[in-house]
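The block underneath contains the structure these notes are about, expressed in structure tokens.
The values are calculated or read from the model by the stated rules, or taken from the named source; none is laboratory data. From a predicted model like this one, the values you see are computed outputs, not experimental measurements. Cβ sites come from the backbone with ideal geometry, for glycine too, and all protein chains shown count toward neighbours.
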Amino acid sequence: MNTFTYQTIRGFVLATLALTYYGLAGNAHSATATPVSVKKNADVVATVNNTPIYRAQVDEAVKVTGLADSPTLRQAIIDRLIARELIRQAAQREAFDKKPEVQQLIAQAKTAIETEAYLQAKLKASVIPEQEVRNRYNTLVGAVGKDEFKAKIMTLKNAEEATATHRRVTNGESFDAIVDELRRKDPKSLNGELPWVSFKLPLEEGKTNGYPLALAQTISKLQAGEVASPLLMDGDYYIVKVEQKRPTQIPAFETIKDELQRQMEMQQYQQALQTHVEQLRKQATIQQ
């Protein structure tokens with residue numbers, strides 16, 4: 001779920017003000033703060049040219065910093081809020097708020113806040129029960145084999161280049177050095193290290209942990225240190241080397257259940273979001 005909420009925006013600004021103070025001062029306890037006189041309205045901690053700064057702003061900033069509440073911290077935050085208000089007023093006097101680029105940023109921020117507020121109201125987050133998390137864990141465990149592989153891959157555009165590159169590797173050139181060379185030529189191609197992966201044998205289409213079947217078959221047949229012959233897939237040639245092979249290491253459920261639950265809740269949210277957007281599209285007139 002997108003964590004950029006309207007609460008985050010407000011909190012980030014206040015936290016930045018408070019933490020910037022400490023970044024400039026270096027040590028909270030050695031900072032010399034300008035005293036703020038007591039106001040008649042207890043909710044107002046300061047005014048800047050009759051514009052109030054409220055205690056609630058300071059309270060929230062204290063919470064966001066995560067620091068222990070103290071008069072020194074509060075005074076530091078008040079000083080930063082005063083500084084921000086002085087700058088805001090100076091900018092307004094010079095009509096910075098009317099500049100097109102500022103108006104565009106304001107509109108973008110307004111759209112982001114409105115959108116996130118709407119989604120928070122319409123798409124309520126739900127907690128995945130532990131049993132469902134355990135079922136997902138068991139499914140994942142059941143999809144792996146007895147061994148797992150750490151492989152590297154390089155992409156070539158034609159058979160001649162693939163054959164020549166494979167010959168370079170078999171003649172002793174560094175696989176990694178050739179990968180770096182290919183990355184410089186084409187940063188967007190698949191060149192480099194793949195994550196640890198395990199395949200349940202015999203391999204079947206759609207049960208290869210997201211890998212193309214031919215690539216999964218190639219990796220699963222290699223021993224550590226071996227390099228496969230060029231593999232043709234979707235018009236490109238791939239050369240694969242298995243760096244490491246080991247018995248599959250399956251983490252205990254308790255060690256990964258929280259992360260797995262977060263992933264499942266994210267997937268659930270994304271599915272709900274997609275469904276909601278599809279419903280809105282049906283109700284809208286869209287022209288492209």
Within the range 124-149, of all residues that are outside any helix (DSSP H, G or I) and in contact with a Phe, Trp or Tyr (Cβ under 6 Å, 6 or more places away or on another chain), the one modelled with the highest pLDDT is GLU148
For the range 265-288 the number of residues that are of a type in the set (Gly, Ala, Ser) and either in contact with a Ser or Thr (Cβ under 6 Å, 6 or more places away or on another chain) or touching a residue at least 60 places away in the same chain (Cβ under 8 Å) (or both) is 1
Within the range 147-169, the residues that are within 11 Å of LYS241 (Cα to Cα) and of a type outside the set (Gly, Ala, Ser) are PHE149, LYS150, LYS152, ILE153, MET154, HIS166, VAL169
Reported set for the range 228-254 where residues are β-branched (Val, Ile, Thr) and surrounded by fewer than 16 Cβ atoms within 10 Å (Cβ to Cβ) is ILE250
Scanning the range 192-220 for residues that are of a type in the set (A, V, I, L, M, F, W, C) and within 19 Å of PHE175 (Cβ to Cβ), the one surrounded by the fewest Cβ atoms within 10 Å (Cβ to Cβ) turns out to be TRP196
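Residue-wise test of (1) in contact with a helix residue (DSSP H, G or I) (Cβ under 8 Å, 6 or more places away or on another chain); (2) aliphatic (A, V, I, L, M).
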residue	(1), (2)
GLU160	no, no
THR163	no, no
ARG184	no, no
LEU190	no, yes
PRO195	no, no
GLU205	yes, no
GLN217	no, no
Across (1) in the same structural domain as SER189 (by TED's automatic domain parsing); (2) among the basic types (Lys, Arg); (3) free of Cβ contacts under 8 Å to residues at least 24 places away in the same chain, LYS241 clears everything bar (3)
The residue from ARG183, ARG281 that alone is surrounded by 13 or more Cβ atoms within 10 Å (Cβ to Cβ) and basic (Lys, Arg) is ARG183
